[in-house]
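The values are calculated or read from the model by the stated rules, or taken from the named source; none is laboratory data. Since we're looking at a predicted model, the values are computed, not measured. Cβ sites come from the backbone with ideal geometry, for glycine too, and all protein chains shown count toward neighbours.
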Amino acid sequence: MKKEITIKGLSLNIDRAIKRVKLDLKDDWFQDPLKYDDLLNLEFVLKKLAKYDGKMEDYKAGRATHVDIPKPGFTIRYSSETDIIDRVVFQALVDVIADDLDQLHSNHIYSHRVNTKREDEKYFFRYAVEEWRKFITDTSLELGSENNVLLLTDLTNFYENIGIKDLMDVLDLFIPTGAKENDYKVCIDMLKSILESWSERNTKRGIPQNRDASSFIANIFLHPVDDAMQKAGYKYFRYMDDIRIVCKTKFEAKRALKCLILELRRKGLNVNSKKTIILDYDNAKDREGIEKSFQNPDKKIEQIEAFLKSRNARDIQIAVPMLRTKVLSLIDNDNTLDREFRYCINRLERIARNEKLAEKIDFNPITKRILSELVDQPWSTDTFARYLNSVKLSDEDIQVIKGLLLDKEKNIYEWQSFYLWCLLTRHEYKEAELIKAARSNIESLNDIPTTAASCLYLGANGDPNDKKFIAENFKRFGDHLTQRFALIAVKDLSYTAIIKPHVQDHILDSYKESYKPLSEKYKNQYLLPIEKLQEDDIYEDLPDDIS
């Protein structure tokens, strides 16, 4: 089977793009119940793209679904949820220009750097943990007897504020002459078209977050800023939107900050004033802030890591109380977005997936504490849910989740509501009041994430009439997120009696012809099972959560 298609004369490696998107799914704001396992196969994607293959027709992307995500301080950002086929094409387009454009960056630009030494082409970027450590190490090495001042800052709503025209203007700067020139022009034109289709309310601003391809071009967007700061002579280091400048004096740091702000302003960006600080290493209080900013793992984390590395059941059991203490401390200090918290949750979640170990470990103190924080720290719901999906929940625990879902005063964030409905589906909790609430959510179309997750819950726990109810409402689901969850929910119904009259004519193009594979491969299954792990596997394949 072929692995590439050609659009407007531009060759796109679809097979490689699929592999990279599959790996990228783990960071999604909204996790697909089946991890798009049924759609992200080469045969299906090529079939969907066949109408463009070998043609000079522009690729037309669908509209994105924009959903609010809570941030610390109870502010919100928006997430752009896109069609999965569009996402594959977007990745394939970025792959065309990635290797060349990545070489523009100096060695002081870290994160989302192309992994040119990769053994497996599914790995788009260098390992984040290594890049973070280099960022920290290189910055700290510049601090010395003559350079005692550190300027720390990051950018305000970076992805949301990127103007698509401004981004394309930057990409146009790096179009090569010669054999690649036309390919680059076609590629950039298609990227522009896709991003404009995805932009919120046609503002032509903002690119999706939590997408590797977006992160790469966002990195390139800042290259003119990086270049200007480095040419001005500043000791400038950047890890995505985390910027550090090492200076001799506070006056130099203030001058550097002014220069940075002016350069960013040309791109429609600005620094986050609340996270901007100038620290002098000669000042004891400032020195503490500098050392904290380097965020090296504390000794407890290093001890835990050593125990887990042994892959010995006894050592792993010793590590668990240490993990518990660390997690509870981080929660108490509202540090659930810290790298150390994600590290600890990841390890606990993997330990819970080993049946022998899970039987010997009391997860209850952590479970109760996490459940109690759902209201006060909603911005960490995805991390909390990853843990709660992996441990056994008591009926009392389930009642806490149910209570929050049904409490109209406390259930504020649709993103959190989405995760809670999926949690109850995962734990196979069937209850009449929840079935009634799910039907009400679907009928009212209150918000997209809640409607989508309610479809999944009702499909998994309702009777045939409940599933038919979803099918009868399908024509009202105009977004890809709700349609995807609804199709999974109704996949076991009769095609002739229900799907054909109520669903078939309303399916979005990307999902057409997906019903039959769904019904055959995933009969009576609504979520992929969580993989069980052996002791030897607990330490392996860990994501770069501490990076």
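A few comments on the model shown:
- Test: residue in region 508-516 that is assigned to a loop (DSSP other than H, G, I, E, B) and of a type in the set (Ser, Thr, Tyr): yes
- Here Tyr239 fulfils each of the conditions (1) within 12 Å of Ile109 (Cα to Cα); (2) in contact with a His (Cβ under 8 Å, 6 or more places away or on another chain); (3) hydroxyl-bearing (Ser, Thr, Tyr) apart from (2).
- Filtered residues of region 62-84 (kept if among the aliphatic types (A, V, I, L, M) and either within 17 Å of Ser417 (Cα to Cα) or modelled with pLDDT of 95 or more (or both)): Val67, Ile69, Ile76, Ile84
- Residue within region 436-452 that is of a type in the set (Lys, Arg) and modelled with pLDDT under 95 present: no
- Selection count, region 8-37, where residues are surrounded by fewer than 19 Cβ atoms within 10 Å (Cβ to Cβ), among the charged types (D, E, K, R) and not in a helix (DSSP H, G or I): 4
- Region 131-148, residues that are touching a residue at least 12 places away in the same chain (Cβ under 8 Å) and out of contact with any Ser or Thr (no Cβ under 6 Å at 6 or more places or on another chain): Arg133, Lys134, Phe135, Ile136, Asp138, Thr139, Ser140, Glu142, Leu143, Glu146, Asn147, Asn148
- Candidates in region 456-501 are the residues that are over 28 Å from the mean Cα position of the chain (by Cα), assigned to a helix (DSSP H, G or I) and among the hydroxyl-bearing types (Ser, Thr, Tyr); of these, the one that is nearest to Ala61 (Cα to Cα) is Tyr495.
- Residue in region 79-94 that is closer than 23 Å to Pro208 by Cα and assigned to a loop (DSSP other than H, G, I, E, B) present: yes
- Condition met for Lys410 (assigned to a helix (DSSP H, G or I) and basic (Lys, Arg)): no
- Asn219 being surrounded by fewer than 19 Cβ atoms within 10 Å (Cβ to Cβ) and of a type in the set (S, T, N, Q): no
- Check on Leu93, in contact (Cβ under 8 Å) with a residue 40 or more places away in the chain, crowded, with 21+ Cβ neighbours inside 10 Å and in contact with a helix residue (DSSP H, G or I) (Cβ under 7 Å, 6 or more places away or on another chain): yes
- Among (1) under 26 Å from the mean Cα position of the chain (by Cα); (2) free of Cβ contacts under 8 Å to residues at least 60 places away in the same chain, the one test that Trp415 misses: (2)
- Exactly one residue out of Lys22, Lys26, Lys48 is basic (Lys, Arg) and in contact with a Pro (Cβ under 8 Å, 6 or more places away or on another chain): that is Lys26.
- Residue in region 272-308 that is modelled with the lowest pLDDT, counting only those that are closer than 30 Å to Lys356 by Cα and surrounded by 13 or more Cβ atoms within 10 Å (Cβ to Cβ): Pro297
- In region 509-547, the residue that is modelled with the lowest pLDDT out of those that are among the hydrophobic types (A, V, I, L, M, F, W, C), surrounded by 17 or more Cβ atoms within 10 Å (Cβ to Cβ) and under 30 Å from Ala306 (Cβ atoms) is Ile546.
- Checking each residue in region 382-423 for being small (Gly, Ala, Ser) and under 17 Å from Asn446 (Cα atoms) picks out only Ser417.
- Number of positions in region 62-78 that are among the aromatic types (Phe, Trp, Tyr) and either in contact with a Ser or Thr (Cβ under 9 Å, 6 or more places away or on another chain) or outside any strand (DSSP E or B) (or both): 1
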